[in-house]
């Protein structure tokens, strides 16, 4: 029975933000791994923003200064309370010491909130910078490179990738096999070409809709391709492995 071998997935890669392409380290036919950087966009502004945000997030002076003020105002209030007990100072001086301590604590809280805000801004700036690094979502092969360094990437694909391990095998089976082919069944697939070996595949999808014009229905199989030895796009023949005693 005739069949066609296809990639498991074909993906058009775009950019999440508009920008000028800086580098494209891969080209047609190159292998890429999941997570590998395949395109970079110009990002000098984003890098400067990250550096500034990191400087603010790492700043400790305001926080340490407010901590010192809290310690000083606490000791001052304790002395004022001791002196007030012996009638050595007036009540308003105690009030002033209490107010000074409260202001120091508020200053520390404000410094803490500012530092937290700076850390959040750093996270946002870093995330924006990472959007300029386009990574491959799959392990596969570059089918085509559509843009080059210096070109402006908008809402158009930059590259096309294909995952070829595993592969998909598409078959149009005769209606006589409807109900007999089931998911999980095994099959032998032989790619076209002299001396091609037989490979094992497994049925993953059996269409429930029949094409009345041709009297066929679609069947999709999955075939391992661990060494990427089998090329996608080849025609093939498939022989389903029915249980013993059941004729094909």
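Every number in this text was worked out from the coordinates using simple rules, so none of it is lab data. Model, not experiment: these values are computed from the prediction. Counting neighbours? That spans all protein chains shown, and the Cβs are built from the backbone with ideal geometry, glycine included.
Observations on the structure shown:
- The order of 112, 107, going from fewest to most other C-beta atoms within 10 Å of their C-beta, is 112, 107.
- For a modelled paramagnetic label at residue 75, 7 Å from Cα along Cα-to-Cβ, the residues of the stretch 95-110 in reach, with backbone nitrogen under 16 Å, are 101.
- On Cα atoms only, tilt of 61-85 relative to the major axis of the chain in degrees: 40
- C-alpha long axis of helix 44-58 to longest principal axis of the chain, angle in °: 40
- For a label point 7 Å along the Cα-to-beta-carbon line of residue 1, residues of the stretch 149-188 with backbone N under 14 Å: 169-188
- Counting only the Cα atoms, the stretch 1-100 fills a convex hull of 232 Å³ per residue.
- Cβ-based exposure ranking for 17, 219, in which fewest neighbours within 10 Å come first: 17, 219
- MRE, 222 nm, helices only [DSSP H, n ≥ 4, -39500 (n - 2.57), over the chain, to nearest 500]: -11500 deg cm²/dmol
- Take every pair of alpha-carbon atoms less than 8 Å apart whose residues are at least six positions apart; their mean separation over the length of the stretch 46-130 yields a relative contact order of 53 percent.
- Nearest-0.05 FRET efficiency for residue 31 and residue 243, computed from C-beta distance (R0 35 Å): 0.35
- From least to most packed, judged by other beta carbons within 10 angstrom and beginning with the fewest, 178, 45 follow the order 45, 178.
- Reduced Cα scattering model of the stretch 68-130, Debye log10 I(q)/I(0), q = 0.12 Å⁻¹: -0.46
- Per the Cα gyration tensor, the stretch 180-247 maps to an equivalent ellipsoid with semi-axes of 23, 15, 12 Å, ordered largest to smallest.
- Rounded to the nearest 0.05, the FRET efficiency derived from the C-beta distance between residue 18 and residue 120 at R0 = 25 Å is 0.50.
- Two-site FRET efficiency, residue 200 against residue 40, from Cβ-Cβ distance with R₀ of 45 Å, rounded to 0.05: 0.65
- Cα centroids of the stretch 88-104 and the stretch 176-201: 89 Å apart.
- 0 to 90° range, to nearest 10: angle between helix 91-130 axis and the chain longest Cα axis: 20
- Relative contact order for the stretch 161-240, counting Cα pairs under 8 Å that sit 6 or more residues apart, in percent: 42
- Whole-Å semi-axes of the ellipsoid equivalent to the stretch 26-150 (Cα gyration tensor, √5λ, descending): 60, 12, 8
- Normalised contact order of the stretch 103-209, rounded percent, pairs of Cα under 8 Å and 6 or more residues apart: 15
- In the chain, one over the average inverse separation of all distinct C-alpha pairs is 24.5 Å, which is the Kirkwood hydrodynamic radius.
- Point-to-point label distance, residue 227-residue 95, nm (Cα→Cβ direction, 7 Å offset): 9.1
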